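A quick write-up on the structure given underneath.
Nothing in this text is a laboratory measurement; each read-out follows from the coordinates by a stated rule. Computed from a predicted structure; not experimentally measured. Glycine also receives a Cβ, built like all others from the backbone with ideal geometry; neighbour counts cover every protein chain displayed.
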Amino acid sequence: MSSPTATTTGLDPAVQNDNVIRRAHGPENGNIPNNNNEANGSVDSDNDTRKQVKKAIRSKYRHVEAVHSQSRPSCLSHDTTESPSFLGFRNLMVIVLVVGNLRLIIENIQKYGVLICIGCHDFRKSDINLGLLLYFLIPCHLFIAYIIEHYAADQARAERNVAASEQNGKEHHQDGTSSPTEEQHRKFQSTWKLVRLLHAINVTTALALTSYVVYYHIHHPLIGTLTEVHAIVVWLKTASYAFTNRDLRHAYLHPARGELDALPELYAQCPYPENITMGNLCYFWWAPTLVYQPVYPRTSKIRWSFVAKRCGEVVCLSVFIWFTSAQYATPVLRNSLDKIASLDIPSIVERLLKLSTISLIIWLAGFFALFQSFLNALAEVTRFADRSFYDEWWNSESLGVYWRTWNKPVYQYFKRHVYSPMRSRGWSNGTASLAVFFLSAVLHELLVGVPTHNLIGVAFLGMFLQLPLIALTKPLEKKTSPNGKLLGNTIFWVSFTIFGQPFAALMYFYAWQAKYGSVSKMATMQQLVQQGQGTCPPLV
């Protein structure tokens, strides 16, 4: 049998606590430390002993612990010092969304069955041929822009050489130390008017011809949309190419005093007119940006594994969008046709709410596939280093923040080529913003209305009417309190998910069906019934 002093394992906890307290108050030896090291060690030992004593006392007197020792607000009160984390509620919301949508999936399959049919597409051979033909013809207008700029660059070289020979040894130099004369300014403006006219004819012809062919000769809206997007992108890039080279040409010929130093340092790697080459233009054609620069930041190598992952995401998300659209969005849209025809407002609102979830899921999948997957894959292949294609738009506290952050390539384009030039010429902020949204609204209507063969103005108004909504929610951007930001973010999501995309999708689908689908057939049969030549079948 072991001695009780050999181990304290078998002792009662209360006895152990008493021993700890007793040792703390009565040291076993009375030696006094004789140097600093021993003194420091004694202090550390005393601190450890005090901690052990406090722990022992608390363990011994459990019923006297001060549970309420300070004033503290409730976790969800406004006067709390620390904001609580809602991570658990986020997880709960995800679970609720998953369960709710799973129920809708089961209900959809029970009601309609499997609607997916790979061979049931409506891709006409003429649509495919025209789409491929336009895909190769549209970039030709970029090369026409190159020919125009090449001519302007040759003119600029000749003019600079002449000016340098005439002014050799005079006070006026071509190095930016003096301002251009009136004669030089007049000659530059005359050349720019001709170049601008040629560019305007080129880009307008490209967009007008493409829109005409898509509207009248390409039936399938998907092929038409891809073709129209390509035409609009080339139109925007060509305009950027012309505007940027115009300013670079002016700085090259006769910059005002200090202008050369104001040019971006990055441009020194490829100064004007050395940037007017076919290789430079081809890189800009494929680069994931709408804004032309002679030089872009580049990465050192291509990570093909990264490209493969991003391409896999594009394929998977495209299949997901196709499946969701065919299985879930199409039945909701079809079942809304008779409600719209009869102007049954409560039923239309109910369909909008039902469509909002589906359209939001499809839009988010499309956003990720385009901005995160496709543009990053394209940037990796072209070694394009600036990949800030979007910011945290989902946290937008106003509609203005959303439009500045969700599609940065378009935002940067309009800010650089429309908004900033107008502001520098003395136009007000409101007028410049009005011009930006008007041009954007026109392009949205072309992008949606031309492929669906219905220019009904819904996309135009949906974009243009963002201005008053931006003005209403702009004060919320300045709010520093969490409640103000929460209110702004809520207004953004409500307008985005309910009154935006679902309504536009419903209107254009109804217009398409009225022109080609069941609504037009129903109207025809109703006319036959009135003439006594048939019976009107029920609307599907």
Cα-based Rg then Dmax for segment 269-310, in Å, read 12.7, 39
A chain fully extended from W322 to S305 at 0.36 nm per residue, minus the present Cα-Cα distance, gains in nm 3.5 nm
Taking Lys and Arg as +1 and Asp and Glu as -1, residues besides A459 with C-beta under 14 Å from its C-beta add up to -2
Check: C-alpha center segment 216-246 vs C-alpha center segment 419-436, spacing in Å is 25
Using alpha-carbon positions, the gyration tensor of segment 347-488 gives root eigenvalues a ≥ b ≥ c; with a/c under 1.5 called rounded, otherwise prolate if a/b exceeds b/c, else oblate, the class is rounded
The lysines whose Cα lies under 25 Å from the Cα of K354, excluding any fewer than 8 residues away in the same chain, are K111, K339, K515
Expressed in nanometres to one decimal, the distance between label points 7 Å along Cα→Cβ at A365 and A341 is 2.9
So for segment 339-425, using the alpha carbon gyration tensor with a ≥ b ≥ c as root eigenvalues (a/c under 1.5 gives rounded; past that, a/b versus b/c decides prolate or oblate), I'd call it oblate
Checked segment 191-309 against the a/c 1.5 cut and the a/b vs b/c comparison, axes a ≥ b ≥ c from its Cα gyration tensor; verdict oblate
If R0 = 56 Å, then L137 and S71, at their Cβ-Cβ distance, give a FRET efficiency to the nearest 0.05 of 0.15
Checked against a 21 Å limit on the C-alpha separation, the offending pairs among K193/K408; K237/K415; K301/K408; K237/K474; K415/K474; K415/K485 are K193/K408; K301/K408; K237/K474; K415/K485
Loop-resident trypsin sites (Lys or Arg not before Pro) in segment 295-379 with no more than 14 other Cβ atoms inside 10 Å, DSSP not H/G/I/E/B, are K301, R303
Candidate cut points under trypsin sites (Lys or Arg not before Pro) in segment 213-296, DSSP loop plus at most 14 other Cβ atoms within 10 Å of their own Cβ, are R257
Segment 86-148: spread of alpha-carbon positions along the three principal axes, whole Å, largest first, is 60, 38, 11
